[in-house]
Number of protein chains: 2
Amino acid sequence: MLGSGNVATHLANALARAGHRIVQVYSRNIENASLLAHPLGAQAIDDLRHLDTVVDMVILAVSDDAIPSVAEQLPRTLSGVVVHTSGTTPMDVLQPFSRHGVFYPLQTFSKSKAVDFRSIPLALEASDDASMAQLEAVAKGISDAAFACDSAQRLALHVAAVFACNFTNHLYAVAAALLERNGLAFDLIKPLVMETAQKIMALDPAQVQTGPAVRGDQKTMDKHLEFLKKDPEWQRLYGLLSEGIQATRNKR
Amino acid sequence: MLGSGNVATHLANALARAGHRIVQVYSRNIENASLLAHPLGAQAIDDLRHLDTVVDMVILAVSDDAIPSVAEQLPRTLSGVVVHTSGTTPMDVLQPFSRHGVFYPLQTFSKSKAVDFRSIPLALEASDDASMAQLEAVAKGISDAAFACDSAQRLALHVAAVFACNFTNHLYAVAAALLERNGLAFDLIKPLVMETAQKIMALDPAQVQTGPAVRGDQKTMDKHLEFLKKDPEWQRLYGLLSEGIQATRNKR
């Protein structure tokens with residue numbers, strides 16, 4: 001396991017629980033490598049020249065920016081399949097390795113929060129059929145939602161995930177700040193957040209859009225924009241998202 | 001009950017289940033009034049001159065725009081408390097009535113989807129103590145989350161709800177469209193949506209922000225912006241939300 005961040009941590013633990021042996025954990029920072037490696041009985045390394053090359057799989061769970069430089073340092077003679085876990089990086093950055101692929105878990109990981117890996121979609125791509133079969137076997141051991149996905153689709157999936165997860169979380173943060181400033185508890189809005197997420201488990205989000213923008217209630221929107229006048233960035237966001245809702249409505 | 005839309009429907013049904021008698025349902029469209037009124041044993045009316053004035057409570061569950069004109073048509077001699085259900089409209093639009101208030105359920109209602117009213121926060125405001133006591137008694141019969149809230153706080157609450165619910169749902173719709181275009185099922189992203197919502201039940205959203213923007217991963221953001229180049233509106237949204245995430249991070 002190359003990396004010791006959120007993805008590396010959750011993935012290494014899920015693999016270990018499924019019976020796989022984590023041989024080594026690499027991080028530029030040996031303490032971070034040790035924190036992940038030692039509970040799993042793995043060796044911590046901070047120098048890729050110490051990499052054990054006789055392994056079934058080498059997983060680059062490092063930041064997208066670091067993938068090329070880490071890949072550069074790996075021996076070209078690796079017999080195992082070399083994969084990265086990135087949504088956005090094309091598979092072919094790993095072209096130098098005869099067997100390569102992608103093992104992309106579509107989930108938001110925080111180190112402090114446990115996740116049920118079995119429900120996490122794993123997007124798989126491989127250079128050849130044997131590698132794909134290997135990735136599928138490993139994936140099925142930890143998740144019920146593994147699927148084949150080419151690099152172009154994976155990019156779309158990652159962008160969609162940024163909208164549905166990262167950006168959504170930012171809107172929660174804006175709501176939390178607005179409430180706090182006005183002496184209201186963030187708890188008040190939690191049932192609404194859950195209901196909004198639960199609603200789209202069964203229904204098309206464009207079909208269940210509610211609120212002033214989709215109703216074309218310009219007076220309410222004007223009051224809200226006026227309320228936000230001291231926060232020009234949130235005001236712009238309010239305007240742009242409201243326009244987006246109206247454009248979606250008009251397309252249907 | 002004046003109105004027959006989503007709020008009127010869910011609220012009238014919750015009140016009836018709690019043992020309150022719905023006397024009349026008003027709508028400009030008599031068929032809509034009948035659809036809500038008849039299963040509840042109430043009378044449907046489409047002319048406010050037929051309003052039964054001897055009731056404990058008159059609820060204006062109409063669109064914000066319609067509140068002034070409906071209020072205008074009500075006899076000033078109503079003995080009951082006259083309330084509206086709007087997040088954004090100040091209480092004092094009901095000033096002409098000696099007893100008035102606000103009964104604002106903070107939830108997103110769709111007619112087709114049942115909601116558990118007991119967990120819905122109800123923001124209450126009233127012109128006088130007796131009316132407040134009456135609203136509290138009614139509210140507690142249907143919800144475990146009633147609370148007092150002045151008009152300024154209610155506006156903040158509504159704006160926060162638009163961010164956390166309406167805008168969030170629009171981001172789900174954008175994600176759904178991106179996936180569909182690329183031959184991917186919307187189902188793939190559902191575990192991520194639930195995890196993102198569930199995470200903030202216990203944790204501060206600003207603290208658990210993930211994704212390329214909070215990591216400062218400009219290369220990934222550039223790839224995503226390039227991917228969105230044929231959808232300039234979504235591209236602007238991506239840029240503005242990413243900037244917002246970075247501004248929030250820098251403030252902490």
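One table, with the values for the structure above:
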read-out: Region A:176-252 versus region B:73-90: alpha-carbon centroid distance in Å; value: 25
read-out: Cβ-Cβ FRET estimate between residue B:144 and residue B:207, R0 fixed at 30 Å, reported to 0.05; value: 0.65
read-out: Chain A, accessible area per residue, ligands and nucleic acids excluded (1.4 Å, Å²); value: 42
read-out: Nm distances between copies for residue B:114, ranked from closest, using label points 7 Å along Cα→Cβ; value: 3.1
read-out: Estimated distance in nm for a label pair at residue B:43 and residue B:72, the labels positioned 7 Å out from Cα along Cα-to-Cβ; value: 2.5
read-out: Amide N proximity, region A:67-99 versus residue A:129 label position 7 Å along Cα-to-Cβ, cut-off under 18 Å; value: A:99
read-out: Rg over Rh [alpha-carbon atoms, Kirkwood Rh] for the protein assembly as shown; value: 1.07
read-out: Buried accessible area, chains A and B (both chains, 1.4 Å probe, Å² to nearest 100); value: 8600
read-out: Shape category assigned to region B:87-185 from the gyration tensor of Cα positions, a/c cut at 1.5; value: prolate
read-out: Global form of region A:2-71, assessed from the alpha-carbon gyration tensor, a/c cut-off 1.5; value: rounded
read-out: Of B:199/B:251; A:230/B:229; A:190/A:251; A:229/B:140; A:190/B:219, those spanning more than 27 Å from alpha-carbon to alpha-carbon; value: A:230/B:229; A:190/A:251; A:229/B:140; A:190/B:219
read-out: Where N is the number of residues in region B:133-183, Cα Rg divided by 2.2 N^0.38 Å; value: 1.81
read-out: Region B:102-252, Cα convex hull volume normalised per residue, Å³; value: 156
read-out: Heavy-atom accessible area, 1.4 Å probe, ligands and nucleic acids excluded: residues of region A:205-221 down by at least 30 Å² from chain alone; value: A:205, A:209, A:210, A:217, A:219, A:220
read-out: Fraction of accessible area attributable to carbon and sulfur, region B:111-179 (%, probe 1.4 Å); value: 54
read-out: Dimensions (Å) - region B:104-159, Cα atoms, principal axes, largest first; value: 36, 27, 16
read-out: Percent of Cα-Cα distances greater than 24 Å, calculated over chain A; value: 56
read-out: B from A by rotation - nearest chain A beta carbon to the axis, in Å; value: A:197, 2
read-out: Residues of region A:107-155 buried by at least 30 Å² on assembly (accessible area, 1.4 Å probe, chain alone as reference); value: A:107, A:108, A:110, A:113, A:121, A:147, A:153, A:155
read-out: Listed residues A:132, A:179, A:33: farthest to the positive end of the dipole of chain A (Cβ charges); value: A:179
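The values are calculated or read from the model by the stated rules, or taken from the named source; none is laboratory data. Computed from a predicted model, the values in this text were never measured in an experiment. Counting neighbours? That spans all protein chains shown, and the Cβs are built from the backbone with ideal geometry, glycine included. Only protein heavy atoms, including side chains, enter the accessible area calculation; ligands, DNA and RNA are left aside. Shrake-Rupley method; radii C 1.70, N 1.55, O 1.52, S 1.80 Å.
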